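K.L.:
Have a look at this one.
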Amino acid sequence: MLPDGTRAAAVAVSDSAIAAIEDYQAPVEADRDVDLGDLALLPGLVDSHVHVNEPGRTEWEGFATATRAAAAGGVTTICDMPLNSLPPTVSVAALREKRAAAAGKCWVDVAFWGGAVPGNEASLRPMHEAGVVGFKCFLLDSGVPEFPPLDEAGLRSALGALAAMGAVLIVHAEDAAEIKPASGRDFGSFVASRPPVAERRAIEKVIAGAAATGARAHIVHLSAAECVAMIAGAKAAGIRLSAETCPHYLYFAAEQVPDGATEFKSCPPIRDAVNRAALWRGLEGGVIDCVVSDHSPCPPELKAFGSGDFGVAWGGIASLQLGLSAVWTAARPRGQTLDDVARWMAAGPAALAGLAAKGRLAVGADADLVAFDLDEEWVVDPARLEHRHPVTPYAGRTLTGRVRQTWLRGTALLGADGGAPDAEGGAPDGEPAGRLLDRG
Ligand SMILES: [Zn+2]
């Protein structure tokens, strides 16, 4: 899957980078050949929205387990969110703790977001200079007390500061004033408690702030498709805005979620099938730029499986290993191509995070590659996933398309057979060789 389309090709790798891209039949001098036959070769995916939670809440998810899941799912770069770990990444000292916690454990490359919270504006430029790929903020309670939200004045001030250094602000855009308390096992009631207008009101504030300051802003995990038109309008007006959605909003519909099935809880919520179709149109029209996981696991006991109470359960969906297959399963019947999927899941997130060597098969780019079988159907068994706890709403689902091998900077990650695609995909093998990336 090349930037200009799909064709039969040979990709030559030297010193961890792509050295040449030739016709499939062209003679290429190499120490080793791997012939993928009819498998697709994609750029390694870039998942710019992953909550690793280490240090501090490593029992929720850690670098070793998250990056194993990434490798198995064809994701060769993750960008770690600044919250849910302790300390949150809101200062250079905290970033150092993050990097120390991650060192030597990562199976894929890892970049870091910084946090913008009340009172840390003086830390933004030092964190930018220390290599974070941008900054995340919330506009309502984040779910953890150590990462408080910005109010509208704080948002405006952070955008102004980031505009001056050319850094992007990624925003959890829901407005607390439009959200009602939720409790009980009924998923419909939970969805109704966080209506589309909550996203709309918050995105309006982000657009106004980006327009006033000239800053780059990005909406994370867009769920309410009625906001697509507003985002399209802002982009058309020259406001520097981008947006992502997530596999769960594109694959599931609220009507299908069983009562008490809190593994489906996320904020904002999975909405109905009509909304899902409109999100797809937002992707197809180029308004939504990226599809990333928002992988945010927790220990099973925090999911309130006993009571099934959506008001009590932690909001977060675990899917890092499944995103490519889930999105392809839903995209293919809509007539979308794997080129589209690679644009949403590799090139788009790499551009968001400013990772120029990632997300595309091009000479000089890192040799991060994924061999993908477009046709294989398989059933998700949570016990065989690599992330920490065997909990995911995709359990038991039949997905189409399976990762058969992943290469990180030219080194095969899955299985022990020297890099040839594994019949079943598989688990990372060898030693973790992921790097901690700086912006740039
Ligand atoms: Zn998130």
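The values are calculated or read from the model by the stated rules, or taken from the named source; none is laboratory data. Keep in mind that this is a model prediction, so the values were computed, not measured. Quick reminder, even Gly has a Cβ in these numbers, built from the backbone with ideal geometry, and neighbours come from all protein chains shown. Just the protein is used for accessible areas: all its heavy atoms, side chains included, with ligands, DNA and RNA removed. Shrake-Rupley method; radii C 1.70, N 1.55, O 1.52, S 1.80 Å.
K.L.:
Which count do you get for residues in segment 311-340 that are free of Cβ contacts under 8 Å to residues at least 24 places away in the same chain and under 16 Å from the mean Cα position of the chain (by Cα)?
P.N.:
0
K.L.:
Another one. Tell me yes or no: at least one residue of segment 192-209 is among the charged types (D, E, K, R) and within 16 Å of the ligand (Cβ to nearest atom).
P.N.:
Scanning segment 192-209, I find at least one residue that is among the charged types (D, E, K, R) and within 16 Å of the ligand (Cβ to nearest atom), so the answer is yes.
K.L.:
Another one. Got at least one residue in segment 66-73 being closer than 28 Å to residue 164 by Cβ, open to solvent by less than 10 Å² (accessible area, probe 1.4 Å), touching a Leu at 6+ places or on another chain (Cβ under 6 Å) and within 16 Å of the ligand (Cβ to nearest atom)?
P.N.:
no
K.L.:
In this structure, is residue 398 of a type in the set (Ser, Thr, Tyr), open to solvent by 30 Å² or more (accessible area, probe 1.4 Å) and modelled with pLDDT of 95 or more?
P.N.:
yes
K.L.:
Has segment 18-31 got at least one residue that is surrounded by fewer than 24 Cβ atoms within 10 Å (Cβ to Cβ) and under 17 Å from residue 316 (Cβ atoms)? Reasoning before the result, please.
P.N.:
Step one: of segment 18-31, the residues surrounded by fewer than 24 Cβ atoms within 10 Å (Cβ to Cβ) are 18-31.
Filter again for under 17 Å from residue 316 (Cβ atoms), leaving none.
Within segment 18-31, none of the residues are surrounded by fewer than 24 Cβ atoms within 10 Å (Cβ to Cβ) and under 17 Å from residue 316 (Cβ atoms).
K.L.:
What strands (runs of 3 or more DSSP E), lying completely within segment 15-131, carry at least 3 residues that are of a type in the set (Ser, Thr, Tyr) and more than 17 Å from the chain's Cα centre (by Cα)?
P.N.:
Here the list is empty.
K.L.:
Can you name every residue in segment 267-288 that is open to solvent by 40 Å² or more (accessible area, probe 1.4 Å) and either among the basic types (Lys, Arg) or within 16 Å of the ligand (Cβ to nearest atom) (or both)?
P.N.:
As a first pass, look at segment 267-288 and keep what is open to solvent by 40 Å² or more (accessible area, probe 1.4 Å): 272, 274, 276, 281, 284-286.
Those that are open to solvent by 40 Å² or more (accessible area, probe 1.4 Å) and either among the basic types (Lys, Arg) or within 16 Å of the ligand (Cβ to nearest atom) (or both): 276, 281.
K.L.:
A follow-up question, please. Scan segment 99-128 residue by residue and report those that are within 16 Å of the ligand (Cβ to nearest atom) and of a type outside the set (Val, Ile, Thr).
P.N.:
Residues satisfying the conditions are 111, 112, 113, 114, 115, 116.
Every residue, every condition in (1) in contact with a His (Cβ under 6 Å, 6 or more places away or on another chain); (2) closer than 30 Å to residue 272 by Cβ, yes or no:
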{"position": "138", "(1), (2)": "yes, yes"}
{"position": "158", "(1), (2)": "no, no"}
{"position": "177", "(1), (2)": "no, yes"}
{"position": "180", "(1), (2)": "no, yes"}
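K.L.:
Give the residue, chosen from 439, 360, 402, 388, that is closer than 30 Å to residue 303 by Cα and in a loop (DSSP other than H, G, I, E, B). Please lay out each step first, then the result.
P.N.:
On the way: 439 fails: closer than 30 Å to residue 303 by Cα; 360 fails: closer than 30 Å to residue 303 by Cα; 402 fails: in a loop (DSSP other than H, G, I, E, B).
It is 388.
K.L.:
Oh, and also: What is the one condition in (1) in contact with a strand residue (DSSP E or B) (Cβ under 6 Å, 6 or more places away or on another chain); (2) within 16 Å of the ligand (Cβ to nearest atom); (3) open to solvent by less than 30 Å² (accessible area, probe 1.4 Å) that residue 149 does not satisfy?
P.N.:
Looking at each condition in turn, residue 149 falls short on (3).
K.L.:
Also, I was wondering about something else. Of the numbered conditions (1) open to solvent by 40 Å² or more (accessible area, probe 1.4 Å); (2) touching a residue at least 24 places away in the same chain (Cβ under 8 Å); (3) not β-branched (Val, Ile, Thr), residue 192 satisfies every one except a single condition; which is it?
P.N.:
(2)
K.L.:
May I pose another question? Taking the condition within 16 Å of the ligand (Cβ to nearest atom), open to solvent by less than 40 Å² (accessible area, probe 1.4 Å) and within 16 Å of residue 104 (Cα to Cα), does residue 80 pass?
P.N.:
Here the answer is yes, as residue 80 does meet what is asked.
K.L.:
Scan segment 234-266 residue by residue and report those that are of a type in the set (Gly, Ala, Ser), over 22 Å from residue 312 (Cβ atoms) and open to solvent by less than 40 Å² (accessible area, probe 1.4 Å).
P.N.:
Scanning segment 234-266 gives 234, 242, 243, 253.
K.L.:
Tally the residues that are within 16 Å of the ligand (Cβ to nearest atom), in contact with a His (Cβ under 8 Å, 6 or more places away or on another chain), part of a loop (DSSP other than H, G, I, E, B) and not small (Gly, Ala, Ser), restricting the search to segment 304-340.
P.N.:
1
K.L.:
Something else: Please determine whether any residue of segment 289-303 is under 18 Å from residue 66 (Cα atoms), open to solvent by 10 Å² or more (accessible area, probe 1.4 Å), away from the ligand (no atom under 16 Å from the Cβ) and within 16 Å of the chain's Cα centre (by Cα).
P.N.:
No, every residue in segment 289-303 fails to be under 18 Å from residue 66 (Cα atoms), open to solvent by 10 Å² or more (accessible area, probe 1.4 Å), away from the ligand (no atom under 16 Å from the Cβ) and within 16 Å of the chain's Cα centre (by Cα).
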